[in-house]
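**Student:** Structure incoming, see below.
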Amino acid sequence: TDVVCFRYAREPVVGEILVSPAFARAYAKQHRLSYRQELARYVVHGLLHWKGYDDRTPRQRDRMRKMEDDLLA
């Protein structure tokens, strides 16, 4: 798993986003991307999950990818 997100039901809103730097590095190398940019994408992806967005269907994946791109720009 590259990103895991936990959101706890209490005030203030608290949670955790765990990212795998090893996965990000391997993916970046395999796809000739910047490691730093890929790691940033993992963090943004985790934040979107934390906010309640999902990526189980192709439509949801496309929506999340667009939000990631917009936030990273």
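**Student:** In whole Hz and in residue order, list the ³J(HN,Hα) couplings for the stretch 25-36 that follow from phi through the Karplus curve 6.51 cos²θ - 1.76 cosθ + 1.60, θ = phi - 60°; x for Gly and Pro.
**Tutor:** 5, 5, 5, 4, 5, 4, 9, 6, 10, 6, 4, 4
**Student:** Leu33 accessible area, nearest 10 Å², 1.4 Å probe?
**Tutor:** Roll a 1.4 Å probe over it and Leu33 shows about 80 Å².
**Student:** Right, something else. Can you compute 3J(HN,Hα) from phi for each residue in the stretch 47-64, using the Karplus curve 6.51 cos²θ - 1.76 cosθ + 1.60 with θ = phi - 60°, rounded to whole Hz and x for Gly and Pro?
**Tutor:** Coupling constants for the stretch 47-64: 4, 5, 4, 4, 7, x, 7, 10, 9, 7, 10, x, 5, 5, 4, 4, 5, 5 Hz.
**Student:** Let me ask you something else. What number, rounded to the nearest 500 deg cm²/dmol, is the helix-based mean residue ellipticity at 222 nm of the chain, given -39500 (n - 2.57) per DSSP H run of at least four residues and division by all its residues?
**Tutor:** Computed mean residue ellipticity for the chain: -18000 deg cm²/dmol.
**Student:** Specify which labelled value, from (1) 12.9; (2) 13.9; (3) 12.2, agrees with Kirkwood radius over Cα pairs in Å derived from the coordinates of the model shown.
**Tutor:** Matching the structure shown: (1).
**Student:** Can you order the peptides 37-46, 5-14 by their average number of other Cβ atoms within 10 Å per residue, highest first? Each step should come with its number before you reach the end.
**Tutor:** On the way: 37-46: 18.5, 5-14: 9.5.
Result, highest mean first: 37-46, 5-14.
**Student:** Whenever you get a sec, compute what percent of the accessible area on the chain sits on carbon and sulfur atoms (1.4 Å probe). Display every interim value, and only then the final one.
**Tutor:** On the way: 3000 of 5710 Å².
In the chain, the share of accessible area belonging to carbon and sulfur is 53 percent.
**Student:** On to the next question. Using a 7 Å offset from the Cα along the Cα-to-Cβ direction at both Leu72 and Ala9, what is the distance between the two label points in nm, to one decimal?
**Tutor:** Result: 3.3 nm between the two label points.
**Student:** Same structure, new question: Using a basic spin-label model with each label point 7 Å from the Cα along Cα→Cβ, how many nm lie between His31 and Leu18?
**Tutor:** Result: 2.3 nm between the two label points.
The values are calculated or read from the model by the stated rules, or taken from the named source; none is laboratory data. Computed from a prediction, not measured in an experiment: that's the story for all the values here. As a convention, Cβ positions derive from the backbone with ideal geometry for all residues, glycine included, and neighbour counts pool all protein chains shown. SASA here: full protein model, heavy atoms, side chains in, ligands and nucleic acids out. Shrake-Rupley method; radii C 1.70, N 1.55, O 1.52, S 1.80 Å.
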